[in-house]
1. Counting only residues 5 or more places away or on other chains, whose amide H sits under 5 Å from the amide H of Gly10 once H atoms are built in the peptide plane?
2. For the chain, which whole percent of the accessible surface, found with a 1.4 angstrom probe, sits on carbon and sulfur atoms?
3. Given Cys96, Ala50, Asn74, which one lies farthest toward the positive end of the charge dipole of the chain, if we put +1 on the Cβ of every Lys and Arg and -1 on the Cβ of every Asp and Glu?
4. Near Lys65, which aspartates and glutamates are there with a Cα under 15 Å away, not counting those fewer than 8 places off in the same chain?
5. Mind checking the per residue accessible area of the chain for me, 1.4 Å probe, whole number of Å²?
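The values are calculated or read from the model by the stated rules, or taken from the named source; none is laboratory data. Keep in mind that this is a model prediction, so the values were computed, not measured. Positions of Cβ are backbone-derived with ideal geometry, glycine not excepted, and every protein chain shown enters the neighbour counts. The accessibility values were calculated without ligands, DNA or RNA, using every heavy atom of the protein model including side chains. Shrake-Rupley method; radii C 1.70, N 1.55, O 1.52, S 1.80 Å.
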Amino acid sequence: QVQLVESGGGLVQAGGSLRLSCAASGLTFGSYAMGWFRQARGKERDFVAAISLRGGGTNYADSVKGRFTVSRDNAKNTVSLQMNSLKPEDTAVYYCAADSVRFRWPPAKFGSWGQGTQVIVSS
């Protein structure tokens, strides 16, 4: 059974930084593209970033380009999201996700999800 566990969320002032991490188990981690999504209260879940199997490819939502960086460590089965220059509109629950199909880039559909970690950016 696939398990994705996010950590690193919290409260930060605008302009600050946070680093989210996601620990994966129950899958051959290096065989899957990974992604980060977020859902603000009352809104739909939105794509934030994705990273290819070995980390050579990345995609970002326009709203976070230049501020967020996704990375992965296949030896540790972890994927991270470094968030800099945070804005109040970045406030959301952030979710880690694994592609539903192995050996695919870019990912088309994510099949496994974590429980989420809350990020609150105060103005």
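1. Placed amide hydrogens put Val119, Ile120 under 5 Å from Gly10.
2. 45 percent
3. In the chain, that residue is Asn74.
4. Cα-Cα hits under 15 Å: Asp46, Glu89, Asp90.
5. Counting only protein heavy atoms, the per-residue value for the chain is 52 Å².
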